[in-house]
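Participant: Could you have a look at this structure, given as structure tokens, before my questions?
The values are calculated or read from the model by the stated rules, or taken from the named source; none is laboratory data. Values in this document were obtained by computation on a predicted structure and should not be read as measured data. Cβ atoms come from the backbone with ideal geometry, glycine included; neighbour counts cover every protein chain shown.
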Amino acid sequence: MTEALRRRLAKKLMRHAACIMPAREKNWGEAMQNELQVIEDDQVALHWAFGCVIAGYTERLSALLQSWYGRSALACLIALLAVREFFAPLLIFAYRMQYLGLAHFLGLRTAGDDYRRLIPVMDATPAWLPVLWVAAGLLYLVALWRMLRRADGSAAPFFLGFALELVGIGAVQSVQAATGIIITPNPIVRAAGVALTLAAGLLLWWATRKRTFAAN
């Protein structure tokens, strides 16, 4: 890549960085553009422009998470994750207490659309495992409540709940191996669920981190 091409690319990247910067960071965007003008080395200028683009998207994400729409979407996601943790304990409770109508209703939401397929798994599930799932769901709700109140440390209970969820996943793998019944046949779905939870936690952490820094 020639020096002239590097310089043109750096200028285009800087314009893009300035465009994606939130309005409240307009002065910062202008300062970055001015800084580019005094960088004589084209290679250094290109690296600087790349860094400015990353900073621009970072600030845009921060602004989105602090907006009403961003916080509402994140809140709904965390609430859904909490409900997911309560699903299996409720199904096991309905089956063991012989609330078969509720068990049938919940079973329609599982792979195979029939709770009876999962009876050996539910019989083999140790009593502490549903308690662990409920605890994880409650921790997600605590994180949600703290986020809505804009309290510090919202991500800590979330990641504690996520850790409990991972322990539960490991325990379920043992139960499935013992019974020979796979609860979620598609491994991509299981992996996507874990990835979604981790992504929600990281977004929550980022929103809290940026808000705390802004307060300082």
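Table: residues versus (1) among the basic types (Lys, Arg); (2) under 24 Å from Ala199 (Cβ atoms); (3) more than 30 Å from the chain's Cα centre (by Cα); (4) not in a loop (DSSP other than H, G, I, E, B).
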position	(1), (2), (3), (4)
His16	no, no, no, yes
Asn27	no, no, yes, yes
Ala31	no, no, yes, yes
Leu36	no, no, yes, yes
Thr58	no, yes, no, yes
Tyr69	no, yes, no, yes
Ala73	no, yes, no, yes
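Participant: Moving to a separate point now. Do any residues in the stretch 180-199 that are of a type in the set (Lys, Arg) have Cβ atoms under 7 Å from those of residues that are part of a loop (DSSP other than H, G, I, E, B), where the two are at least six apart or on different chains, and which pairs are they?
Facilitator: Arg190/Thr184
Participant: Continuing with this model, one more query. Answer yes or no as to whether Ile78 is modelled with pLDDT of 85 or more, part of a helix (DSSP H, G or I) and not assigned by TED's automatic domain parsing to the domain that holds Leu160. I'd like the intermediate steps shown before the answer.
Facilitator: Values: modelled with pLDDT of 85 or more: yes; part of a helix (DSSP H, G or I): yes; not assigned by TED's automatic domain parsing to the domain that holds Leu160: no.
Here the answer is no, as Ile78 does not meet what is asked.
Participant: Here's a follow-up. Has the stretch 144-153 got at least one residue that is without any contact (Cβ under 8 Å) to a residue 12 or more places away in the chain, in the same structural domain as Leu204 (by TED's automatic domain parsing) and charged (D, E, K, R)? If you could, list the steps in order and put the result at the bottom.
Facilitator: As a first pass, look at the stretch 144-153 and keep what is without any contact (Cβ under 8 Å) to a residue 12 or more places away in the chain: 145-146, 149, 151.
Those left that are additionally in the same structural domain as Leu204 (by TED's automatic domain parsing): 145-146, 149, 151.
In the following step, the residues that additionally are charged (D, E, K, R) were identified as 146, 149.
Scanning the stretch 144-153 turns up at least one residue that is without any contact (Cβ under 8 Å) to a residue 12 or more places away in the chain, in the same structural domain as Leu204 (by TED's automatic domain parsing) and charged (D, E, K, R).
Participant: Would you be able to tell me the number of residues in the stretch 98-147 that are under 27 Å from the mean Cα position of the chain (by Cα), surrounded by fewer than 16 Cβ atoms within 10 Å (Cβ to Cβ) and assigned to a loop (DSSP other than H, G, I, E, B)?
Facilitator: 3
Participant: Determine which member of the set Ala73, Ala94 is surrounded by 13 or more Cβ atoms within 10 Å (Cβ to Cβ), in the same structural domain as Arg109 (by TED's automatic domain parsing), more than 25 Å from Phe162 (Cβ to Cβ) and modelled with pLDDT of 80 or more. Walk me through it before giving the result.
Facilitator: Details: Ala73 fails: more than 25 Å from Phe162 (Cβ to Cβ).
That would be Ala94, the only listed residue that is surrounded by 13 or more Cβ atoms within 10 Å (Cβ to Cβ), in the same structural domain as Arg109 (by TED's automatic domain parsing), more than 25 Å from Phe162 (Cβ to Cβ) and modelled with pLDDT of 80 or more.
Participant: Right, another one. Looking only at residues that are over 14 Å from the mean Cα position of the chain (by Cα) and at pLDDT 95 or above in the stretch 148-167, which one is surrounded by the most Cβ atoms within 10 Å (Cβ to Cβ)?
Facilitator: Filtering the stretch 148-167 for residues over 14 Å from the mean Cα position of the chain (by Cα) gives 148-153, 164, 166-167.
Checking the rest, the ones that are also at pLDDT 95 or above come to 164, 166-167.
On the way: Leu164: 21, Leu166: 14, Val167: 14.
Once the filter is applied, the top-ranked residue is Leu164.
Participant: Does any residue in the stretch 107-129 that is assigned by TED's automatic domain parsing to the domain that holds Gln176 and more than 13 Å from Ala88 (Cα to Cα) come within less than 8 Å, Cβ to Cβ, of a residue that is in a loop (DSSP other than H, G, I, E, B) and hydrophobic (A, V, I, L, M, F, W, C) six or more places away or on a different chain, and which pairs are these?
Facilitator: Close Cβ pairs satisfying both conditions: Asp114/Leu108; Arg117/Ile181; Pro120/Ile181.
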